[in-house]
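To start, the structure itself, in structure tokens.
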């Protein structure tokens, strides 16, 4: 009640200010008049009574001020008048205001955007209960993570005690038929405990049960919210409904919550039990249960530590039990790689993200330095103003409050604009983000990051803004007033020079990083992929349906049906107008085809029995070499004569042929690829190496086989179509040609080879774009800082310059004087920055390609650029100094 | 001339105002004069403090005010005690009595 009265009275007096003021005045005047009247009543004359009253009551103006200033609303009035003054100040100096606000906005906005993008991937806990207790478990191949087999999973799950539950999962891409066009869904085939490990249950229906995850168990699926909305329009009656996948009927038993995010594979829309045949495990090492194609995760038991679990798993890996026989490729001799789920999903992008985060912090630092610099420059100019205000009776406190208000207003403007920059930045980052960046959907402008960046710049602004006020005190007024006209060099000159040197140094670090990345990119783009990516259309065709099943009565019928379908589809594609050449392959270079699926052991006749290589197996159609423009170096490519009944032929990549048969002709040599119990493949030709996973990687061991002669028919093949005109434009016609053979086969990942090549380098490109942007911002800020310092120094030295000119210095002399000053600062910054860059470039090593982090060309180029920009920034102040008219300057004193 | 301290004891101004107004509505000068007279000149009220205190007490809801003519035909702002003001006066009086008697006891005790 009392509070409310305080508020309403204050508000009323705030709105009817003049009424309140005149009331107060009246009351004070009446008090005075009564006092006078009282003195008169005692017999004084009117004059004497007034004097006596004044003596008694003191300064009535002060009393009036005291009465007027009562109430909270007066604080608001002071702030409002401070704000008004600050706004006028900022408006009066648009150059200073615009540069400061833009600097703050860029610093705050860029660092908020980057942190917002990095936070969900690297720092924020995953969206699962106790997410830190979820670990991933990998097999080790050549020191790196590799998939493991169901047999390994079963052994680990049964022997380990540290986990509450463990799960395996793998890619499952069923064809959804029955709709308008056949479509391929992105799914995961998982063990029944999958959602328990993640700690999330379906929002509708139920989770998988162990009884469903058995060989030939019931066909059930759980849908993502996304797919549920798309296929069933969010109908809650979906439970028990059936959908047709790969010609089989599956029953929907659950729907995951809208908020559920499958960080293991964010595009996953559907889950089904893996249903491995556990009886096979001990009987047959060649079956699906021992294929290394599963990923594995586990949830720690409460109380069990990660270290304990890692130790236990290592111990299990190193001590096989007779109950759990292991084949050679699942021997676990190299141990297991165990990591937290969070670190696991981020491990491929972490170096890039940390580099970007480091870069943006440098930008933020430069922005802060620049703001400090600008404020110092401004305070040097305003020293006179404050001296005058102090002389006119403004208290030190009042001046300080004024300065804080100005700084805060500036920071507020910068912050609001920075928020806009952050919003735009986050959208741009999402648009630019390379495929494979985890948790992209979780990226939003991070309030904490914004608050942090905003607070840092604000505090720096306020503190710096206060420095001039600390110098103002009444004693100093006179000398300051005198100084303000004379403009002797300010005391902050050294600080400001140091700041500019730092800015130049930091900008150099960023520019060197950007330069190294750009250089790497140029080298990478110049890498020959081993084939011609232009005018090349690619698409993946998946075969699905019961017509491709092997009948128990006649094994091989399914494979034959598949081969027939692909042959017919290829014939149809070759008829399409505009197609020059067409072929297909089981493994498409520079695509996202998981290369480990196509990695097989090879064994040449001349190898010793324990030897052999891992090779990429390409099952190709006739005409593949021509369609891809892969050069045939000797022998021939796979052609129409390589059929199921002719002797099996193979092509080797150049490097494999050379390392296997140095100085010999490899044609006619024999090898096994995959199973060793099959007829030998005879080398029929040698072709050029191709880049498979990335332009940056050399993976030279390739073996090409005919799809007609491999030991199984691939379910999914990629068509490569060399076109006469625009490759992308031909896509619809080619798809229709394939569907003219069978309307129920999904066609996915339709893309030109140029696009695929760009996508493989997307992460590098992403980092490059960011570093270029930051480098340019840093360069601009450093230039502004340099300009500010020199302009300030010229203004302060006007008198000195005038004297020099009067004593006969030519314009050229003075120009050189100022330029030399600026260049000295630049040179110092460059020296310090180069040393820093040499250290900082360590962080980039994993992102570089083909050049050293100490590439002197890059350093020299960046130094030249920085020097040129600094020279431009110095030119205007130097020019202004050169035009100082000595007679005017000297007379002005 | 000896400088006797005529400042109002800190924290008691509100109580003195409330007490003065409990007798009859008065304007600022009247309150000041009344405090001075009744205290026989021991306390002199500073007009700045008094007028600010009046604003404060009014906002606290203990006083009402209205502009009226005084007997010598001046326009003045008269303050009147409200019901809550009366209650507040009782609280403050009791509190003061309790504390003042404690101080008296302390001062009277034999050294």
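The values are calculated or read from the model by the stated rules, or taken from the named source; none is laboratory data. Worth saying up front: this structure is predicted, and the values here are computed from it rather than measured. We place every Cβ from the backbone using ideal geometry, glycine too, and count neighbours over all the protein chains shown.
Of note:
- Listing of strands (runs of 3 or more DSSP E) fully contained in region A:657-711 that carry 2 or more residues being touching a residue at least 60 places away in the same chain (Cβ under 8 Å): A:670-673, A:702-706
- Residue within region B:36-43 that is within 14 Å of chain A (Cβ to nearest Cβ), more than 21 Å from residue A:66 (Cα to Cα) and assigned to a loop (DSSP other than H, G, I, E, B) present: yes
- Strands (runs of 3 or more DSSP E) fully within region A:499-604 that include at least 1 residues being touching a strand residue (DSSP E or B) at 6+ places or on another chain (Cβ under 8 Å) and without any contact (Cβ under 8 Å) to a residue 60 or more places away in the chain: A:599-604.
Residues checked against (1) touching a residue at least 12 places away in the same chain (Cβ under 8 Å); (2) under 36 Å from the mean Cα position of the chain (by Cα); (3) surrounded by fewer than 21 Cβ atoms within 10 Å (Cβ to Cβ):
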residue	(1), (2), (3)
A:730	yes, yes, no
A:735	yes, yes, yes
A:740	yes, no, yes
A:743	yes, no, yes
A:748	yes, yes, yes
A:754	yes, yes, yes
A:759	yes, yes, yes
A:769	yes, yes, yes
A:774	yes, yes, no
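- Exclusive hit being assigned to a helix (DSSP H, G or I), buried (at least 17 other Cβ atoms within 10 Å of the Cβ), within 11 Å of another protein chain (Cβ to nearest Cβ) and free of Cβ contacts under 8 Å to residues at least 12 places away in the same chain, set A:6, A:30: A:30
- Condition check for residue A:812: buried (at least 17 other Cβ atoms within 10 Å of the Cβ) and in a helix (DSSP H, G or I): no
- Test: residue in region B:52-60 that is within 15 Å of residue A:34 (Cβ to Cβ), within 14 Å of chain A (Cβ to nearest Cβ) and surrounded by 20 or more Cβ atoms within 10 Å (Cβ to Cβ): yes
- Within region A:139-193, the residues that satisfy the criterion of being part of a loop (DSSP other than H, G, I, E, B), closer than 17 Å to residue A:309 by Cα and in contact with a strand residue (DSSP E or B) (Cβ under 8 Å, 6 or more places away or on another chain) are A:160, A:162.
- Between A:326, A:306, A:334, A:299, the distinction of being buried (at least 20 other Cβ atoms within 10 Å of the Cβ) and touching a helix residue (DSSP H, G or I) at 6+ places or on another chain (Cβ under 9 Å) belongs to A:299 only.
- Flag for residue A:70 being within 11 Å of chain B (Cβ to nearest Cβ) and assigned to a loop (DSSP other than H, G, I, E, B): yes
- Selection over region B:63-79 of residues that are facing chain A (nearest Cβ under 9 Å) and in contact (Cβ under 8 Å) with a residue 40 or more places away in the chain gives a count of 3.
- Among the residues of region A:286-296, those identified as buried (at least 18 other Cβ atoms within 10 Å of the Cβ) and more than 36 Å from the chain's Cα centre (by Cα) are A:289, A:290.
- Test result for residue A:360, in the same structural domain as residue A:418 (by TED's automatic domain parsing) and under 26 Å from residue A:413 (Cα atoms): yes
- The listed residues are A:49, A:38, and the only one of them that is more than 13 Å from chain B (Cβ to nearest Cβ), in a helix (DSSP H, G or I) and either touching a helix residue (DSSP H, G or I) at 6+ places or on another chain (Cβ under 6 Å) or surrounded by 14 or more Cβ atoms within 10 Å (Cβ to Cβ) (or both) turns out to be A:49.
- Boolean, residue A:243 is at pLDDT 95 or above and either touching a strand residue (DSSP E or B) at 6+ places or on another chain (Cβ under 8 Å) or surrounded by 14 or more Cβ atoms within 10 Å (Cβ to Cβ) (or both): no
- Which numbered condition residue A:95 misses (of (1) more than 11 Å from chain B (Cβ to nearest Cβ); (2) under 30 Å from residue A:403 (Cβ atoms); (3) surrounded by fewer than 16 Cβ atoms within 10 Å (Cβ to Cβ); (4) touching a helix residue (DSSP H, G or I) at 6+ places or on another chain (Cβ under 9 Å)): (4)
- Residue among A:586, A:591, A:534 that alone is within 39 Å of the chain's Cα centre (by Cα) and not assigned by TED's automatic domain parsing to the domain that holds residue A:689: A:534
- Pairs with Cβ under 7 Å, 6+ apart, first in region A:16-27 and within 12 Å of chain B (Cβ to nearest Cβ), second surrounded by 14 or more Cβ atoms within 10 Å (Cβ to Cβ): A:20/A:13; A:24/A:64; A:24/A:67; A:24/A:68; A:25/A:64; A:27/B:28; A:27/B:51; A:27/B:77
- Residues of region A:303-326 satisfying the condition of being in a loop (DSSP other than H, G, I, E, B) and farther than 13 Å from residue A:134 by Cβ: A:303, A:305, A:319, A:320, A:321, A:322, A:323, A:324, A:325, A:326
- Counted residues, region A:851-893 - those being outside any helix (DSSP H, G or I) and in contact (Cβ under 8 Å) with a residue 12 or more places away in the chain: 8
- Residue under evaluation residue B:80, criteria (1) at pLDDT below 90; (2) part of a strand (DSSP E or B); (3) surrounded by fewer than 19 Cβ atoms within 10 Å (Cβ to Cβ), criterion not met: (1)
- Residue that is outside any loop (DSSP other than H, G, I, E, B), outside the structural domain of residue A:677 (by TED's automatic domain parsing), touching a strand residue (DSSP E or B) at 6+ places or on another chain (Cβ under 6 Å) and in contact (Cβ under 8 Å) with a residue 60 or more places away in the chain, where the choices are A:251, A:272, A:289: A:272
- Residue satisfying condition, being touching a helix residue (DSSP H, G or I) at 6+ places or on another chain (Cβ under 9 Å), surrounded by 16 or more Cβ atoms within 10 Å (Cβ to Cβ) and closer than 25 Å to residue A:788 by Cα, within set A:888, A:832: A:832
- Some residue of region B:86-98 being in contact (Cβ under 8 Å) with a residue 24 or more places away in the chain and either under 25 Å from residue A:38 (Cα atoms) or facing another protein chain (nearest Cβ under 8 Å) (or both): no
Listed here are the residues, each with its yes/no results for (1) under 31 Å from the mean Cα position of the chain (by Cα); (2) buried (at least 19 other Cβ atoms within 10 Å of the Cβ).
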position: A:168; (1), (2): yes, yes
position: A:176; (1), (2): no, yes
position: A:182; (1), (2): no, yes
position: A:207; (1), (2): no, no
position: A:220; (1), (2): no, yes
